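Trainee: Below is one structure. I have some questions about it.
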Amino acid sequence: MPENGLPAGVCLERLRFEHAPALLAFELENRAYFAAHVSDRGEAYFAEFATRHADLLADQDAGELHFHLLVEEDGRVVGRVNLVDVADGSAELGYRIAEHATGRGLATAGVLEVCRLAAREYELKELRAGTNLTNAASQAVLARAGFIPVGEATYGGGPGLTYVRSLSV
């Protein structure tokens with residue numbers, strides 16, 4: 001396994017314009033799987049994907065968010081790890097892994113790598129995250145990545161937990 005903990009053949013890449021086709025394919029192929037754990041993105045997300053992708057890249061350039069993809073050697077996207085609502089040294093972490101790629105440690109490795117980037121490159125001090133209570137896999141990822149439960153919330157229409165992780169370089 002490489003030093004960053006990602007499995008061989010998978011790398012973490014900052015979102016770029018040319019990722020659009022592979023990212024759209026990832027979202028479409030896994031739509032039903034993701035909807036079982038979080039609210040569905042809705043038809044507008046897919047119908048307006050190109051415009052949304054360009055807008056997200058502009059927001060990323062402005063430092064308002066940081067999007068990352070887990071990409072296999074053939075260019076196929078197998079996951080994403082995002083930081084949104086970046087402000088005052090803090091951000092909200094979100095991630096999704098393709099159904100066929102679960103159980104390989106991708107979520108944990110991707111989250112840990114983004115935590116390192118958040119501290120070193122983006123100079124953030126704290127990350128927040130959340131998951132619904134039925135998503136035990138996501139809860140385990142957050143625990144392995146050093147997040148601590150700090151409260152209750154609603155996620156995907158059901159009860160959930162909020163988490164926080166302090167960052168240091």
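The values are calculated or read from the model by the stated rules, or taken from the named source; none is laboratory data. Treat the numbers as computed from the prediction; the structure is a model and nothing was measured. Because the Cβ atoms are built from the backbone with ideal geometry, glycine has one as well, and the counts that use them run over all protein chains shown. Just the protein is used for accessible areas: all its heavy atoms, side chains included, with ligands, DNA and RNA removed. Shrake-Rupley method; radii C 1.70, N 1.55, O 1.52, S 1.80 Å.
Trainee: Here's a check for you: in region 122-139, which residue that is open to solvent by less than 80 Å² (accessible area, probe 1.4 Å) and not in a strand (DSSP E or B) is modelled with the lowest pLDDT? Write out each step before concluding.
Mentor: Filtering region 122-139 for residues open to solvent by less than 80 Å² (accessible area, probe 1.4 Å) gives 122, 124, 126-132, 135-139.
Filter again for not in a strand (DSSP E or B), leaving 122, 124, 135-139.
Working: Tyr122: 96, Leu124: 97, Asn135: 87, Ala136: 90, Ala137: 90, Ser138: 92, Gln139: 95.
My answer is Asn135.
Trainee: Scan region 5-22 for residues that are open to solvent by less than 50 Å² (accessible area, probe 1.4 Å) and either assigned to a loop (DSSP other than H, G, I, E, B) or at pLDDT below 90 (or both) and report the count.
Mentor: Applying the first criterion (open to solvent by less than 50 Å² (accessible area, probe 1.4 Å)) to region 5-22 yields 5-7, 9-10, 12-13, 15, 19-20, 22.
So of that shortlist, the ones also either assigned to a loop (DSSP other than H, G, I, E, B) or at pLDDT below 90 (or both) come out as 5-7, 9, 15.
Counting residues in region 5-22 that are open to solvent by less than 50 Å² (accessible area, probe 1.4 Å) and either assigned to a loop (DSSP other than H, G, I, E, B) or at pLDDT below 90 (or both) gives 5.
Trainee: Does region 110-118 include one or more residues that are more than 20 Å from Pro7 (Cβ to Cβ) and open to solvent by less than 10 Å² (accessible area, probe 1.4 Å)? First the steps, then the outcome.
Mentor: So the first thing to find is which residues in region 110-118 are more than 20 Å from Pro7 (Cβ to Cβ), and the list is 118.
Still in the running and open to solvent by less than 10 Å² (accessible area, probe 1.4 Å): 118.
Yes, the conditions are met somewhere in region 110-118.
Trainee: Scan region 23-44 and report the pairs whose first residue is farther than 24 Å from Ala136 by Cα and whose second residue is open to solvent by 20 Å² or more (accessible area, probe 1.4 Å), with Cβ atoms within less than 9 Å and a gap of 6+ or a chain change.
Mentor: Final answer for the pair search is Leu24/Phe46; Leu24/Ala50; Ala25/Arg76; Ala44/Arg52.
Trainee: Any residue in region 112-139 that is of a type in the set (A, V, I, L, M) sitting within a Cβ distance under 6 Å of a residue that is in a loop (DSSP other than H, G, I, E, B) and open to solvent by 50 Å² or more (accessible area, probe 1.4 Å)? List the pairs, counting only those 6 or more apart or interchain.
Mentor: The qualifying pairs are Ala119/Val169.
Trainee: Taking region 140-156, which residues are over 14 Å from the mean Cα position of the chain (by Cα) and open to solvent by less than 70 Å² (accessible area, probe 1.4 Å)?
Mentor: Within region 140-156, the subset over 14 Å from the mean Cα position of the chain (by Cα) is 140, 143-144, 146-156.
The answer is Ala140, Ala143, Gly146, Phe147, Gly151, Ala153, Tyr155, Gly156.
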